[in-house]
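Everything on this sheet refers to the single structure shown next.
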């Protein structure tokens, strides 16, 4: 039984190689290029979604389905057309047994690819962030967004209630994300009006000539760069 399972595994490996050869001819790509492209298409990551990559505008999971069907076809062809019992690995298998074998093999390949990619990503992150403190890691990932939040802390008292102004649409995905990140890193500055106190400072972001947007009764207290500034309420 063990020898038969090993033989079936080799059969599937050969079938995989044949399928990749057919794809390489279809896409006019070398084996190495094709494998790298499939790996990239299966390795897309997103914090909200589970995106599927594409090869020449073909969804990679369509290719996985076709690969599974191809292996089932090879198994059934062997079962019905190879009459020598020594080489007919599927002679005594029902269709459901063949489907289970193929499913196990395909899922195993996908799990192996995922594990390898996650391991490589973990190694990359370890190499990238080794020896850095938390602030340095935030700086490396977020760049100016984190730097600006630290700049604002230097400009305002810790208990300030802060408003935000921008010529950008803060409801769009990009700027909504920036708004949420600022609110997090500015704490204990209150940018979400949790304390229900009067706003005593404004940050103005993503704006050409931001000084023109400073409300009456407020004055510039810090300039981070040409698009991002901090204004504080003047004394009554």
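Key figures for this structure:
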{"read-out": "Filter result for residue 211 (over 27 Å from residue 138 (Cβ atoms) and touching a residue at least 24 places away in the same chain (Cβ under 8 Å))", "value": "no"}
{"read-out": "Tally of residues being modelled with pLDDT of 85 or more, surrounded by 14 or more Cβ atoms within 10 Å (Cβ to Cβ) and in a loop (DSSP other than H, G, I, E, B) across segment 80-131", "value": "0"}
{"read-out": "Filter result for residue 171 (within 26 Å of residue 141 (Cα to Cα), assigned by TED's automatic domain parsing to the domain that holds residue 141 and without any contact (Cβ under 8 Å) to a residue 12 or more places away in the chain)", "value": "yes"}
{"read-out": "Residues of segment 215-236 that turn out to be closer than 24 Å to residue 174 by Cβ and assigned to a loop (DSSP other than H, G, I, E, B), as a count", "value": "2"}
{"read-out": "From the options 71, 55, 23, 42, residue that is within 22 Å of residue 117 (Cβ to Cβ), at pLDDT 85 or above and either crowded, with 16+ Cβ neighbours inside 10 Å or not assigned by TED's automatic domain parsing to the domain that holds residue 109 (or both)", "value": "23"}
{"read-out": "Residue list for segment 169-215, filter: buried (at least 16 other Cβ atoms within 10 Å of the Cβ) and out of contact with any strand residue (DSSP E or B) (no Cβ under 9 Å at 6 or more places or on another chain)", "value": "181, 185"}
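The values are calculated or read from the model by the stated rules, or taken from the named source; none is laboratory data. What you see is a predicted model, and the numbers here were worked out from it, not measured in a lab. Note that we place each Cβ from the backbone using ideal geometry, even for glycine, and neighbour counts take in every protein chain shown.
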